Amino acid sequence: GRDGGAAQPGLSARSQPPRSCEDYRWEWKHCRGLRHAFHHYYTHGELPACDRWRDDYEACRAWERGRAAAAQEALCKSERARVMEKQKYPPVWTLRKSPPPDWYMPLDQDKSN
């Protein structure tokens, strides 16, 4: 069958969606909110695309109702795409491996550089 792909063996063979369907519904409602739309437009210069959250919510409901293979595949593909999008952007700051050697010292507010 088309259930278990070799690349992602655990994702499509699950018995439950990756998140609860209410999570997708909340994200969809949040995305369509005026405050979020304004912030997204201010930050990115375009309105947010909320259709994907709605599609994921509908696929999640279909998965819960009848465990439709197409809905499972679409939802897992969307979740994988979200993970890949997050990995595209590296952290702004360089992460430390350990604390600085003088981490326990009080901050010197009057110190001039």
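Bear in mind that the values in this text are calculations on the coordinates, not laboratory data. All of these numbers come straight from a predicted model, not from anything done at the bench. Cβ atoms come from the backbone with ideal geometry, glycine included; neighbour counts cover every protein chain shown.
Based on Cβ point charges of +1 for Lys and Arg and -1 for Asp and Glu, what charge dipole magnitude is obtained for region 17-107 about its Cα centre, in debye rounded to the nearest 20?
80 debye
At a 10 angstrom cut-off on C-beta neighbours, averaged per residue, how do the peptides 71-79, 86-94 rank from highest to lowest?
In descending order of packing, they fall as 71-79, 86-94.
Could you state the per residue volume, in Å³, of the convex hull enclosing the Cα atoms of region 21-88?
Once divided by residue count, the hull of region 21-88 is 79 Å³.
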